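First up is the structure itself, then whatever we jot down about it.
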C-alpha cells in the first residue's frame, strides 16, 4: 500500500448541471429565445402584444352581423425591465495564484448550471425586478377560487384556460407537480428529447424557480404537498449571447484587506409575455382525483 504525505490534492467537483424542461428550453423550442437583437433591449422592453381577439368568421354573401367584420381589440403594452443573473465565486488569492483562468471558468460553469431557475423565478415573482409584470402579481386569475384542488383537476383547469384563448400556451409547474402529472399519465412521452407535453400538446415547463411561489399578498404558507401551477401564452426571452466575467482583471478582483478574489459570471435577461393569459391554480398532491 502506498501512503501519501502532505496536503490533500485539490480538484474541482462536478459543476452544477444544466437540466431539461426549463423555461429557457421551451422558449428556444418556440423560437422565442432571442440572442441576436439590437442591444438596446437591455434597457427594457415595451412588449407590443397581439390583440386578445380570436379569429372570426365572415359571410361575404350574407346579411346581418355575420356580414360585418369587427375591428381589432386593444393591444397591451406591458413594460419589462432587465435583470442581471449572476453567479459569484470567491477564493483566497494564495489558493488561486497568478493564473486565475480556472477560477473564472468555475464561475462560468456555476452560472451556466443555475441560471435557468433564476430566469423562471423572474417570470413567476419578478425576482430582482419585482416591479415587472409577473405570474403571481395582482392580475393573476386564481382558478378554483384560489383554494387547493387535486392534480388532475388542476391541470384540466389550466388546459381549459389555454383553450379558451384559441391560441397555444404554456403550463408552468414545480418538479413535484410534474411528477404527479406523470404518475397520473397526464403528460405524454416527449416527442423530442427532453421536452414535456400534456396529452393535448401543450408544452410544460418543469420549473425549479417556481417552487414555493405564491400570489402576491397571499396570507399563510404552502403545506408540504401544495404548489401553484400556472398557464400563460408564449414567453419571449431576450438574453445576452455570452456570459461575461466581472471584474475584468485579477487586480480588480482582489480584495487586499482579506486577500480574497471574487469573480462574478453575469448575463442580462429580459423575460416577457403579453399578460393576456395569466391563470394559476393551487394544487394539493395529497388530494385524490
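Looking across region 126-137, just one residue is surrounded by fewer than 24 Cβ atoms within 10 Å (Cβ to Cβ) and closer than 12 Å to residue 172 by Cβ, and that is 136. Elements of the type helices (runs of 4 or more DSSP H) sitting completely within region 71-170 and holding at least 1 residues that are modelled with pLDDT of 95 or more: these cover 101-125, 151-164. Quick one: would you say residue 153 is touching a residue at least 24 places away in the same chain (Cβ under 8 Å), farther than 30 Å from residue 199 by Cα and surrounded by fewer than 18 Cβ atoms within 10 Å (Cβ to Cβ)? Spelling it out, it is not the case that residue 153 is touching a residue at least 24 places away in the same chain (Cβ under 8 Å), farther than 30 Å from residue 199 by Cα and surrounded by fewer than 18 Cβ atoms within 10 Å (Cβ to Cβ). Please go through region 157-173 and pick out each residue that is farther than 22 Å from residue 272 by Cβ and surrounded by 15 or more Cβ atoms within 10 Å (Cβ to Cβ). Once the filter is applied, which keeps residues that are farther than 22 Å from residue 272 by Cβ and surrounded by 15 or more Cβ atoms within 10 Å (Cβ to Cβ), region 157-173 yields 157, 159. A count restricted to region 195-221 and to residues that are without any contact (Cβ under 8 Å) to a residue 60 or more places away in the chain, within 19 Å of the chain's Cα centre (by Cα) and surrounded by fewer than 16 Cβ atoms within 10 Å (Cβ to Cβ) stands at 1.
Counting only residues that are in contact with a helix residue (DSSP H, G or I) (Cβ under 6 Å, 6 or more places away or on another chain) and crowded, with 22+ Cβ neighbours inside 10 Å, region 106-118 holds 1 of them. Could you list all residues from region 22-37 that are at pLDDT 90 or above, touching a strand residue (DSSP E or B) at 6+ places or on another chain (Cβ under 8 Å) and in a loop (DSSP other than H, G, I, E, B)? Passing the criteria: 22, 30, 32, 35. Please enumerate the residues belonging to region 38-52 that are part of a loop (DSSP other than H, G, I, E, B) and surrounded by fewer than 13 Cβ atoms within 10 Å (Cβ to Cβ). Within region 38-52, 38, 48 qualify.
The values are calculated or read from the model by the stated rules, or taken from the named source; none is laboratory data. What you are looking at is a predicted structure, and each value in this text was computed from that prediction instead of being measured. As a convention, Cβ positions derive from the backbone with ideal geometry for all residues, glycine included, and neighbour counts pool all protein chains shown.
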